[in-house]
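The values are calculated or read from the model by the stated rules, or taken from the named source; none is laboratory data. Being a predicted model, the structure only gives us computed values, none of them experimental. FYI the Cβ positions are ideal-geometry reconstructions off the backbone, even for glycines, and counts take in every protein chain you see. Note: accessible area is taken over every heavy atom of the protein model, side chains too, but ligands, DNA and RNA are not part of it. Shrake-Rupley method; radii C 1.70, N 1.55, O 1.52, S 1.80 Å.
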Amino acid sequence: MKDYIEERVLELAQYIIDSKSTVRNAAKKFNISKSTVHKDITQRLTEINPPLANDVSKILEENKAQRHIRGGMATKQKYLKLNKKVHI
C-alpha cells in the first residue's frame, strides 16, 4: 500500500473517532467519495491498525443505528419549512 493512502486512512480514522463523524461527513471533509472512505475504514484500516479499526467500527455502527432518526428529523424540518412558505 502506498504511503499517502496509509496516511489518509489513519487521518480518516482519527477524524471519525474525534468527531464521531459519519462516512458522508468524513468524505466531505477529506474531499473524497463515500466509497473510498468506506473501503479505507473497513478494509485498509483493518490491515494497518486493527485496534483502531475496531474503535472506528463501533462509531460507525452507532451512526448506522441512529440514521433512521436523523432521516426522520430531516424530513420533519423539510415539511415545516414548506409549510411556513405556504402560510406566508
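Computed quantities for the displayed model
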| item | result |
| --- | --- |
| Selection from Ser21, Ile5, Ala53, by position along the positive dipole direction of the chain (Cβ) | Ser21 |
| Charge dipole (debye, nearest 20) of the chain; +1 at Cβ of Lys and Arg, -1 at Cβ of Asp and Glu | 1000 debye |
| On Cα atoms only, tilt of 3-19 relative to the major axis of the chain in degrees | 50 degrees |
| With every protein chain in place, the chain: carbon and sulfur % of accessible area (1.4 Å) | 53 percent |
| Dimensions (Å) - region 38-78, Cα atoms, principal axes, largest first | 41, 15, 9 |
| Computed over the chain, the ratio Rg/Rh where both radii use C-alpha atoms and Rh is Kirkwood | 1.16 |
| Anisotropy class of region 11-55 from Cα gyration tensor, a/c 1.5 cut | oblate |
| Relative contact order (percent, whole number), the chain, Cα cutoff 8 Å, 6+ residue spacing | 27 percent |
| Residue order for Ser57, Ser21 - accessible surface, 1.4 angstrom probe, largest first | Ser57, Ser21 |
| Helix-derived mean residue ellipticity, 222 nm - over the chain, DSSP H n ≥ 4, -39500 (n - 2.57), to 500 | -27000 deg cm²/dmol |
| Of Lys2/Lys58; Lys34/Lys76; Lys39/Lys84; Lys20/Lys84; Lys58/Lys85, those spanning more than 30 Å from alpha-carbon to alpha-carbon | Lys39/Lys84; Lys20/Lys84; Lys58/Lys85 |
| Mean-position separation - Cα centroids, region 1-62 and region 73-87, in angstrom | 34 Å |
| Helix 50-87 vs. the chain, principal-axis angle (Cα, 0 to 90°, nearest 10) | 20 degrees |
| With all protein chains modelled, accessible area of Ser19 [1.4 Å, Å²] | 60 Å² |
| Solvent accessible area, Å² - His68, 1.4 Å probe, full protein context | 130 Å² |
